[in-house]
Amino acid sequence: MVGTERKSNIELLRIVSMLAIVMLHIGAASVGLPEPKGNLQAVTGRDVWVLTVEALSIIGVNCFALISGYFGIKARWSSFVRLTLLCVVYAVGIYTLLAVSGLVPWSWGEWIESWMVYSHTDLWYVPAYLGLFLLSPFLNSMDFNKWILAGFIAFNVWCGWLWHGSFNPTGYTVVQLVMMYLIGRYISNHVNVEAGGHRLRYASLAAYLVCTALIVVMALFADSLFTYAYNSPLVLVSSV
């Protein structure tokens, strides 16, 4: 149910997830990822390091959405207003500073559009999270059968990731956030994580590290957008 008791270790993971998202933007989003495409002789140590950091950090968005599902989003008007104001302050503030400093040309049209954070933006997460926020009361009221949830995940992986379905080709959509949210709800409602003890923790850590290594190997041969897609099965497993 919504209102699962807050747990400091999972709240710490939420902070780690946000730091991972920052790492993604500092690394791949800023300087780009190497694309060896199987040409291993051209791969440098720096390339391997960049791909490894990306593989370690790619779970950030998925984990954040999963934790939101684990605790349950409480959709209130006050929360919506805070979310909107936060996005507006950053969007309008950053554009204004860039324009005043001469780094981008000033345009009244673009300045007005910077206020429209849910419709006039190239940042996918803001409108996607709004969609999740609005759907959360409905998602919180549902108790998904594990096979239905498994089917939904398989549909996203097979039709979305593998065959590039337009509804969720790389995980940069509200569909991805809903899927991770539902996984978090299922874990919260049906899985006694604490009963697993150290054995479950060690197994989870091992799975995360193995998936990370496989992601790096895959990145040496496949397209980076395909390899590091949020709905890639390796990324999904390491996120959970």
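The values are calculated or read from the model by the stated rules, or taken from the named source; none is laboratory data. Model, not experiment: these values are computed from the prediction. Here the Cβ is made from the backbone with ideal geometry for all residues, glycine too, and neighbour counts use every protein chain on show. Ligands, DNA and RNA are stripped out before the accessible areas are found, and what is left, the full protein with its side chains, is counted by its heavy atoms. Shrake-Rupley method; radii C 1.70, N 1.55, O 1.52, S 1.80 Å.
Brief remarks on what is shown
- Close pairs from the range 202-215: first more than 14 Å from Cys63 (Cβ to Cβ) and without any contact (Cβ under 8 Å) to a residue 24 or more places away in the chain, partner assigned to a helix (DSSP H, G or I) and open to solvent by less than 60 Å² (accessible area, probe 1.4 Å), Cβ under 6 Å, at least 6 apart: Leu214/Leu234
- Selected residue (criterion: least open to solvent (accessible area, probe 1.4 Å)) from residues of the range 186-202 that are in contact with a Phe, Trp or Tyr (Cβ under 7 Å, 6 or more places away or on another chain) and of a type outside the set (Gly, Ala, Ser): Ile187
- Of everything in the range 76-93 that is of a type in the set (A, V, I, L, M, F, W, C) and surrounded by fewer than 12 Cβ atoms within 10 Å (Cβ to Cβ), the residue that is farthest from Tyr125 (Cα to Cα) is Trp77.
- Residues of the range 97-141 satisfying the condition of being within 22 Å of the chain's Cα centre (by Cα), farther than 21 Å from Arg185 by Cα, among the aliphatic types (A, V, I, L, M) and surrounded by 13 or more Cβ atoms within 10 Å (Cβ to Cβ): Val117, Val126
Per-residue answers, yes or no, for (1) under 27 Å from Leu182 (Cα atoms); (2) surrounded by 20 or more Cβ atoms within 10 Å (Cβ to Cβ); (3) in contact with a helix residue (DSSP H, G or I) (Cβ under 6 Å, 6 or more places away or on another chain); (4) of a type in the set (Phe, Trp, Tyr):
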position: Gly27; (1), (2), (3), (4): no, no, yes, no
position: Lys37; (1), (2), (3), (4): no, no, no, no
position: Leu40; (1), (2), (3), (4): no, no, no, no
position: Gly45; (1), (2), (3), (4): no, no, no, no
position: Trp49; (1), (2), (3), (4): no, no, no, yes
position: Ala55; (1), (2), (3), (4): yes, yes, yes, no
position: Phe64; (1), (2), (3), (4): yes, yes, yes, yes
position: Lys74; (1), (2), (3), (4): yes, no, no, no
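- Residue list for the range 117-137, restricted to those being free of Cβ contacts under 8 Å to residues at least 40 places away in the same chain, hydrophobic (A, V, I, L, M, F, W, C) and more than 16 Å from Ser79 (Cβ to Cβ): Leu123
- Where helices (runs of 4 or more DSSP H) sit wholly within the range 16-117, those with at least 1 residues that are basic (Lys, Arg) occupy 45-57, 77-100.
- Residues that are modelled with pLDDT of 90 or more and of a type in the set (Ser, Thr, Tyr) were ranked within the range 4-44; the one that is farthest from Met218 (Cα to Cα) is Ser17.
- Identity of the residue in the range 206-239, at pLDDT below 95 and either assigned to a helix (DSSP H, G or I) or farther than 17 Å from Gly32 by Cα (or both), that ends up most open to solvent (accessible area, probe 1.4 Å): Leu225
- The number of residues in the range 100-141 that are out of contact with any helix residue (DSSP H, G or I) (no Cβ under 9 Å at 6 or more places or on another chain) and under 18 Å from Arg82 (Cβ atoms) comes to 1.
- If only residues of the range 142-184 that are surrounded by 15 or more Cβ atoms within 10 Å (Cβ to Cβ), free of Cβ contacts under 8 Å to residues at least 40 places away in the same chain and among the aliphatic types (A, V, I, L, M) are counted, the one that is farthest from Leu85 (Cα to Cα) is Leu162.
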